[in-house]
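Only the coordinates and a few stated rules stand behind these numbers; no lab work does. As the structure is a computational prediction, the values presented were derived from the model and not from experiment. Cβ sites come from the backbone with ideal geometry, for glycine too, and all protein chains shown count toward neighbours.
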């Protein structure tokens, strides 16, 4: 479904190509979007941070997706399906952001939290997402962290 030959305008990985993990995440996302149609919108799936592999289950709530990772939630990113598709370039940025959040000490999942833990503010544009990721890399103070 995804291809390294098709990049978004802003993609910085045109020369090096995308990781297999990002390709898997984009494929999983798009298969859920196509397979379940609009019924997939607003549901969640879990993908491993290292490989992008998923259990291929759509969960109604993030907390369900977190709980079903058997106490290994720090190894996963949790992705909410939107009405649009996901390009590999976007999956790469999302995966990089999630990895940086964990590396910076943020806890994005919590099986005991009523919503499954905090979420990043949904991006308005890809440029916003890239700026946010750069902020984490440069140790920007995120809300709730002191």
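Once the Cβ-Cβ distance between residue 67 and residue 41 is put in as r, and R0 is 30 Å, what FRET efficiency do you end up with, to the nearest 0.05?
0.90
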Completion exercise
Expected unfolding gain across residue 53-residue 82 under the 0.36 nm per residue rule, minus the alpha-carbon gap, is 8.5 nm
Exercise for the section: Quickly work out the residue 106-to-residue 74 label distance, labels modelled 7 Å from Cα along the C-beta direction, and quote it in nm with one decimal. Expected result: 1.7 nm
